[in-house]
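Inspection log for the structure reproduced underneath, given as structure tokens.
The values are calculated or read from the model by the stated rules, or taken from the named source; none is laboratory data. Just so it is clear, the structure is predicted and the values come from calculations on it, not from any experiment. Quick reminder, even Gly has a Cβ in these numbers, built from the backbone with ideal geometry, and neighbours come from all protein chains shown.
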Amino acid sequence: MPEARGATLEVDNVTLAFGGLKVLRGVSFAAQAGSVTALIGPNGAGKTSMFNCISGFYRPSAGTVRLDGQDISRVKASSRAALGMARSFQNIALFRGMTVLDNIKLGRHAHLRTNLLQGLLHLGPAAREEEALRAEIERKIIDFLEIDHIRNKPVAMLSYGLQKRVELARALAMQPRILLLDEPVAGMNREETEDMARFILDVKDEWGVTILMVEHDMGLVMDISDHVAVLNFGAKIAEGRPEEVQNDPHVAEAYLGSGDPAALMRRLHAEESAA
Amino acid sequence: MIIGTAKETYRADEALLTTRPQQVWMAVLLAGLAVLPFTFNAYWTYLACLVLINVIAATGLNVLTGFTGLVSLGHAAFMAIGAYTVAWLERDIGTPLLLNLLAGGLLAAGIGVIVGLPSLRVKGLYLAIATIAASFILHFVFVEWTAVTGGSAGISLQPGTVFGVALVDYTQLYWLIMPICVLMVTGAANLFRNRIGRAFIAIRDRDISAEVLGIPILRYKLMSFALASFYAGVAGGLWAYFFRVVTPESFPLLTSIFLLAAVIVGGMGTILGGVIGALFMTLVPELLRFGVELLGPVIPNAGLILSPVRTIVFGALIVGFLVFEPQGLTEIVQRIRRFFRLWPFRT
């Protein structure tokens, strides 16, 4: 979609507290337009809470989230789709009873104009809009993600890896300028992971969409991200290019409990060869 | 993909009826509806009208409960609003019939939005209780607001007239009710081919993702309530012209349960389900009564002995269908379709 240009997302000093429990403490980082940024950290570090702040399910107790310089901290979750923000969920949040095609079409909801009366008649404008939508989804999304063989299947019948791909398709149908991916390859085998990595890079290169992802698969993070931010216990402990973060003693300590980057590298390699 | 359904355009692929058998059956159904009053006697025409009115109301409730996932046990109250609006307009204002029906539907829709407001916070059984409460409040209004509703005595109507024709007998009423029913069911079916209907289903299946996709949940829930109430209001208006008397007892809580049962027995979340469910719930008691009459010569006092049995059989049938066809009667239709899809090559 040529009209979709990447947006810059800036998270500035975001704090999130549930009562006395501080889940995020003054976290700041940025996802530059048209890049892949990874948000990593051990379990419970606050990554998904950060995502929920960015997508509007939680309202930060302090700090701001800005999209292309515009403060969106107070914008309702359902209104962020129209601003060009799309997200996928850690545990797939597709509509299981619907077909792949209907799931993808739902992604475009915020950009469609059919109202209730036109919908009941389904003549003229409504029918034209649906037809154009179908044609565009077929051409740009279904072909692109190689899911043409399953387009009429109910989502519940698909394998886990394909469901993740359909969720990406639905997010792309939203014509996003920034895509938030919550663990896009969790639970996938090597082949599915490599497919997904290829799709994420293609989305970045061909669509120019900014990508922010939470991911535990360090191999994927190190391979495809341009920028990595590391959270631990709700605070940012490191940030930089993948190789910088890899060699940061704070990161090694957060993951291993000892500040030796070499140990972290050994463990990463061990994990990779085991996978 | 089903064999023999490849289409060359997206428009053809997204039509309401995509396979040849579907188109043929729909043509047969429409032709049947067109000749029904000529082939059957007045009693069956009367029953057909009743079925069609219930189809409209059940389809509305299906949009709300089956497709949007919001349980309502106050649907009869919206029928009552439509019926009272029509009766009042006929008695005091004298506006044209079709306008009265529209007004009945719109007023019901407006009140439906108010009744639907709690659906932002409560779901499932809690929402069902909230809608029952609303229907009791409305019942109170129907009884007490005597200047408009005529209190417990209700309102009697003169036969309605459309285009100069007085609707006195059941055949004339049939020609009013049938086209409206066909139009409204088609409208509901159309809705699920575009963004509005998809949003309803999305809210039912997973409201959090619906929100991320930019669907304002409260607005769509209220839209669903308005639409369902509009259908109920129009059905109630037709009911008023059909029975020509509206009292507070015309639409008891039992009617709400009847409609919900129709949707569940027919099949939630399918347009065909609401239609078949209403047909089943309206006709089966009549057919059972017929059966009892047939047994009359064989068993003395059949009517006396068997009429309680009739009610039991009806109840048992509903329970039986819920146990053996939890997806509703439409599932039987689907199974027949699947059977004949590759017939006779695979059975």
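Residues of region B:151-193 being of a type outside the set (V, I, T), part of a loop (DSSP other than H, G, I, E, B) and surrounded by fewer than 17 Cβ atoms within 10 Å (Cβ to Cβ), which ones?
Selection gives B:Q158, B:P159, B:F163, B:G164, B:D169.
Mind checking which residues of region B:211-229 are assigned to a helix (DSSP H, G or I), of a type outside the set (F, W, Y) and either out of contact with any Phe, Trp or Tyr (no Cβ under 7 Å at 6 or more places or on another chain) or more than 19 Å from B:L106 (Cβ to Cβ) (or both)?
Residues satisfying the conditions are B:E211, B:V212, B:I217, B:L218, B:R219, B:K221, B:L222, B:M223, B:A226, B:L227, B:A228.
So which residues in region A:143-165 are within 12 Å of chain B (Cβ to nearest Cβ) and either surrounded by 21 or more Cβ atoms within 10 Å (Cβ to Cβ) or under 19 Å from the mean Cα position of the chain (by Cα) (or both)?
A:V155
Residues of region A:1-42 being in a loop (DSSP other than H, G, I, E, B) and among the hydroxyl-bearing types (S, T, Y), which ones?
The initial filter retains those residues of region A:1-42 that are in a loop (DSSP other than H, G, I, E, B), namely A:1-8, A:19-20, A:32-35, A:41-42.
Within region A:1-42, A:T8, A:S35 meet the criteria.
What single numbered condition from (1) more than 9 Å from every other protein chain (Cβ to nearest Cβ); (2) among the hydrophobic types (A, V, I, L, M, F, W, C); (3) in a helix (DSSP H, G or I); (4) surrounded by fewer than 18 Cβ atoms within 10 Å (Cβ to Cβ) fails to hold for B:I208?
Every listed condition holds for B:I208 apart from (1).
Out of A:G19, A:G26, A:G63, report the one residue that is touching an Asp or Glu at 6+ places or on another chain (Cβ under 8 Å) and more than 19 Å from A:M213 (Cβ to Cβ).
Working: A:G19 fails: touching an Asp or Glu at 6+ places or on another chain (Cβ under 8 Å); A:G26 fails: touching an Asp or Glu at 6+ places or on another chain (Cβ under 8 Å).
Result: A:G63 is the single residue among A:G19, A:G26, A:G63 that is touching an Asp or Glu at 6+ places or on another chain (Cβ under 8 Å) and more than 19 Å from A:M213 (Cβ to Cβ).
Tally up the residues in region B:297-347 that are aromatic (F, W, Y) and surrounded by 10 or more Cβ atoms within 10 Å (Cβ to Cβ), please. Please lay out each step first, then the result.
We begin by selecting, within region B:297-347, every residue aromatic (F, W, Y); these are B:314, B:321, B:324, B:339-340, B:343, B:345.
Imposing the further condition that a residue be surrounded by 10 or more Cβ atoms within 10 Å (Cβ to Cβ) reduces the set to B:314, B:321, B:339-340.
Residues in region B:297-347 being aromatic (F, W, Y) and surrounded by 10 or more Cβ atoms within 10 Å (Cβ to Cβ): 4 in total.
Hey, among B:P252, B:P285, B:P216, which residue is more than 22 Å from B:L173 (Cβ to Cβ), in contact with a Lys or Arg (Cβ under 9 Å, 6 or more places away or on another chain) and surrounded by fewer than 24 Cβ atoms within 10 Å (Cβ to Cβ)?
The conditions single out B:P216.
For region A:236-275, enumerate the residues that are of a type in the set (G, A, S), in contact with a strand residue (DSSP E or B) (Cβ under 9 Å, 6 or more places away or on another chain) and outside any strand (DSSP E or B).
The answer is A:A254, and nothing else.
Which of the residues spanning region A:95-136 are among the acidic types (D, E) and more than 8 Å from chain B (Cβ to nearest Cβ)?
A:E136
In region B:101-128, how many residues are over 14 Å from B:A77 (Cβ atoms) and modelled with pLDDT under 95?
Of the residues in region B:101-128, 11 are over 14 Å from B:A77 (Cβ atoms) and modelled with pLDDT under 95.
Does B:G320 meet the test of being in a helix (DSSP H, G or I), among the small types (G, A, S) and free of Cβ contacts under 8 Å to residues at least 12 places away in the same chain?
yes
Can you tell me which residue in region A:95-108 is surrounded by the most Cβ atoms within 10 Å (Cβ to Cβ), limited to those that are under 20 Å from A:F144 (Cβ atoms) and touching a residue at least 60 places away in the same chain (Cβ under 8 Å)? Break it down into steps so the answer makes sense when it comes.
Here is the first cut: in region A:95-108, the ones under 20 Å from A:F144 (Cβ atoms) are A:99-108.
Pick out the ones that are also touching a residue at least 60 places away in the same chain (Cβ under 8 Å) and you get A:100, A:103-108.
Numbers: A:V100: 26, A:N103: 27, A:I104: 29, A:K105: 21, A:L106: 27, A:G107: 26, A:R108: 23.
Restricting to residues being under 20 Å from A:F144 (Cβ atoms) and touching a residue at least 60 places away in the same chain (Cβ under 8 Å), the top hit is A:I104.
Within the set of pairs 6 or more residues apart or between chains, which connect a residue that is more than 25 Å from A:G84 (Cα to Cα) inside region A:109-127 to a residue that is of a type outside the set (A, V, I, L, M) and modelled with pLDDT under 90 with Cβ atoms less than 6 Å apart?
As it stands, the answer is A:Q118/A:P125, since those pairs meet every condition given.
Answer yes if at least one residue in region B:121-133 is farther than 17 Å from B:A57 by Cα, in contact (Cβ under 8 Å) with a residue 24 or more places away in the chain and not in a helix (DSSP H, G or I), and no otherwise.
The answer is yes, given that some residue of region B:121-133 is farther than 17 Å from B:A57 by Cα, in contact (Cβ under 8 Å) with a residue 24 or more places away in the chain and not in a helix (DSSP H, G or I).
Say we look at region A:77-94 and pick out the residues that are out of contact with any Ser or Thr (no Cβ under 8 Å at 6 or more places or on another chain) and more than 8 Å from every other protein chain (Cβ to nearest Cβ); which of these is surrounded by the fewest Cβ atoms within 10 Å (Cβ to Cβ)?
That would be A:N91.
Here's the yes/no breakdown for (1) more than 14 Å from chain A (Cβ to nearest Cβ); (2) touching a helix residue (DSSP H, G or I) at 6+ places or on another chain (Cβ under 7 Å); (3) not hydroxyl-bearing (S, T, Y):
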site	(1), (2), (3)
B:T9	no, no, no
B:L16	no, yes, yes
B:V28	yes, no, yes
B:A31	yes, no, yes
B:A76	yes, yes, yes
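Looking only at region A:166-191, which residues are surrounded by 19 or more Cβ atoms within 10 Å (Cβ to Cβ), touching a residue at least 40 places away in the same chain (Cβ under 8 Å) and closer than 22 Å to A:D217 by Cα?
A:V166, A:E167, A:L168, A:A169, A:A171, A:I178, A:L179, A:L180, A:L181, A:D182, A:E183, A:P184
Within region B:104-116, is even one residue surrounded by 21 or more Cβ atoms within 10 Å (Cβ to Cβ) and over 30 Å from B:D205 (Cα atoms)?
Yes: region B:104-116 contains one or more residues that are surrounded by 21 or more Cβ atoms within 10 Å (Cβ to Cβ) and over 30 Å from B:D205 (Cα atoms).
Give me the pairs, please: first residue somewhere in region B:26-40 and within 15 Å of B:L173 (Cα to Cα), second residue anywhere and part of a helix (DSSP H, G or I) and among the aliphatic types (A, V, I, L, M), beta-carbon distance under 6 Å, and either six or more positions apart or on two chains.
B:L33/B:M178; B:L36/B:A48
Which of the helices (runs of 4 or more DSSP H) contained wholly in region B:1-73 include at least 3 residues that are surrounded by fewer than 14 Cβ atoms within 10 Å (Cβ to Cβ) and either at pLDDT 90 or above or in contact with a Pro (Cβ under 6 Å, 6 or more places away or on another chain) (or both)?
Result: B:20-39.
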